[in-house]
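Asks: Submitted below is the structure of interest, expressed as structure tokens.
The values are calculated or read from the model by the stated rules, or taken from the named source; none is laboratory data. What you are looking at is a predicted structure, and each value in this text was computed from that prediction instead of being measured. Methodologically, a virtual Cβ is constructed for each residue, glycine included, from the backbone with ideal geometry; neighbour enumeration extends over all protein chains shown.
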Amino acid sequence: MNLDEYMRYDATGLAELVADGQVTSAELLDLARQRLRGVNPAINSVVIETEAEADIRVQHPLPGPFAGVPFLIKDLAQEYRGYPTTSGCRALRNTVETENALVTDRFLDAGLVIFGKTNTPELGAKGITESDLWGPCRNPWDVSRTPGGSSGGSAAAVAAGIVPAAGANDGGGSIRIPAATTGLVGLKPSRGLAPYGPSSGEPMFGMAVQGVVARTVRDSAGLMDAIVDPNRFADYQVAQPDRPFAEVLGDRPARLRIGFSGHSAIRGDATPEATAALEHTAQLLADLGHHVEEVTPPYDDKALAETFLTIWFAQVVGQVAEIKERTGAGDRDFEADTLAMVEVGRANGVAKLFRALDEITGYTRAMETFYESFDYFMTPTLAESPIKIGALDTPKPLQAAARIAHRVHGGSAMVRTGIIDQMIEANLGWVPYTQLANLTGRPAISVPVYWTPEGLPLGVSFNGTLGSDAALLRLAAQLEEAAPWIQRFPAQPVSRP
């Protein structure tokens, strides 16, 4: 097998070749490393290599449905024993994990060969991947643009052909945003379905979930099957799927009722490119026999964004405090933007946090009322094309001011200046749709059915009711069959061999 052939296969296809003896695990690992060496200098997607463990694994037959397939995990909440989990943060750059994350164990049990960890923003706190520690990760479709975040490194690596799928997680869109910017499938599963731990519970009050980004729907389904299983250490157990996700893909969905909107209270209507993606998908769905109807959004996304950020800032306060206590790190070991989030979270106080947590019920009820009339709510995944690298950089004077405010606990003054509205508009204005699924715990999937005239991917998302993960994958498989995307690869400067 040569590199061009390697890149034509998804993970399921590569696993079949290994099982049939047509290629070895070692040969696939060599090809993945060859592609990594060729493109990583341009995109900066893989920041930690786990070479020793990978070399050991390919020396022996591996069990599992994805035996021998090269794989990457995210350098955030996917711990790998013997290697750092930096979470994009300088304070954690010298840590060494003493045990695997449960999701990492399940990837390994599936036979995957993990040979590296992927770039992520500091503490996963942004929809872009541009940490001070690792530098910006770049989109293979246009290296002047972001692959999104926080699973941007994983998405860039898959889109560039290093691996056919990679580990990811999602606390506010961190699977779906990168999938949408890079032409991949990204499922954010229902709350509690994919495992966190074992050293900690669910982050963000259960809003963050584990998953993958993948080139094909069948890989997304098969890899979810690999990681979804009851966890005896969990605080609670959720209903498990009746059938493996991979089994349901062949079932064609009945005629669906799909409501769609590109409107956002944060920014108004989506850009012409995102609107075109939405309209293109609506027409494709109608051609497939589904009822598609433009609707008024069943919630106020600007109010939801404030609820979301209130919870987000509170958990950043806890994260930074825990890291400082565990490592002895100081303020200089964190980015200025992170310290600003800490101060806003501290100034908001416990009362505002609990109000925000209570507000989730209202969004959940609004969406479940919507689902009485529709099966899915469809939006663009992004309100505009992938933004330029550095577009959200905080100016140096403001970074200095944030560090001073942190030292003097000046969060209340920051709140009075209207910084919350500014952060909503700047950081969520281009991705105003994705936080809904995290707050409500419902599944959502981004599918790559549209490319702009400039050749940039622009995904479209479907939000479903609780437990509709399999049905979302089934719809995605129907769209994939109608408008195949697997053979789309970025052109120069990250090119096919």
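Asks: Looking at the stretch 19-120, what helices (runs of 4 or more DSSP H) fall wholly within it and have at least 1 residues that are more than 30 Å from Phe233 (Cα to Cα) and among the charged types (D, E, K, R)? Give the steps one after another, and end with the answer.
Replies: Working: elements: 25-43, 51-57, 102-109.
Filter on the stretch 19-120 gives 25-43, 51-57.
Asks: Which residue is nearest to Ser199 (Cα to Cα), if the candidates are limited to the stretch 211-245 and must be in a strand (DSSP E or B) and of a type in the set (Val, Ile, Thr)?
Replies: Ranking the qualifying residues of the stretch 211-245, first place goes to Val212.
Asks: Here are Glu368, Glu359: which of them is over 15 Å from Leu309 (Cβ atoms), modelled with pLDDT of 95 or more and charged (D, E, K, R)?
Replies: Working: Glu359 fails: over 15 Å from Leu309 (Cβ atoms).
Of Glu368, Glu359, the one residue that is over 15 Å from Leu309 (Cβ atoms), modelled with pLDDT of 95 or more and charged (D, E, K, R) is Glu368.
Asks: Kindly provide the set of residues from the stretch 153-180 that are among the β-branched types (Val, Ile, Thr) and in contact with a Phe, Trp or Tyr (Cβ under 8 Å, 6 or more places away or on another chain), ordered by number.
Replies: Val163
Asks: Within the stretch 351-375, which residues are acidic (Asp, Glu) and surrounded by fewer than 17 Cβ atoms within 10 Å (Cβ to Cβ)?
Replies: Of everything in the stretch 351-375, those that are acidic (Asp, Glu) and surrounded by fewer than 17 Cβ atoms within 10 Å (Cβ to Cβ) turn out to be Asp358, Glu368, Glu372.
Asks: Output the qualifying pairs, or none if there are none: Cβ atoms under 6 angstrom, residues six or more apart or on different chains, first residue in the stretch 142-161 and charged (D, E, K, R), second residue surrounded by fewer than 24 Cβ atoms within 10 Å (Cβ to Cβ).
Replies: Arg145/Lys388
Asks: OK, next. Can you name every residue in the stretch 460-497 that is modelled with pLDDT of 90 or more and among the β-branched types (Val, Ile, Thr)?
Replies: Result: Val460, Thr465, Ile486.
Asks: Right, next: Here's a check for you: in the stretch 413-437, which residue that is exposed (fewer than 15 other Cβ atoms within 10 Å of the Cβ) and of a type in the set (S, T, N, Q) is nearest to Val209 (Cα to Cα)?
Replies: The residue in question is Gln422.
Asks: Can I ask one more? Among the residues of the stretch 229-245, count how many are more than 17 Å from Arg474 (Cα to Cα) and surrounded by 16 or more Cβ atoms within 10 Å (Cβ to Cβ).
Replies: 3
Asks: Turning to a different aspect of this structure: Being in contact with a strand residue (DSSP E or B) (Cβ under 8 Å, 6 or more places away or on another chain), surrounded by fewer than 24 Cβ atoms within 10 Å (Cβ to Cβ) and over 25 Å from Leu309 (Cβ atoms) is the filter here, so list the residues in the stretch 105-146 that pass it.
Replies: Leu108, Ile114, Ser144
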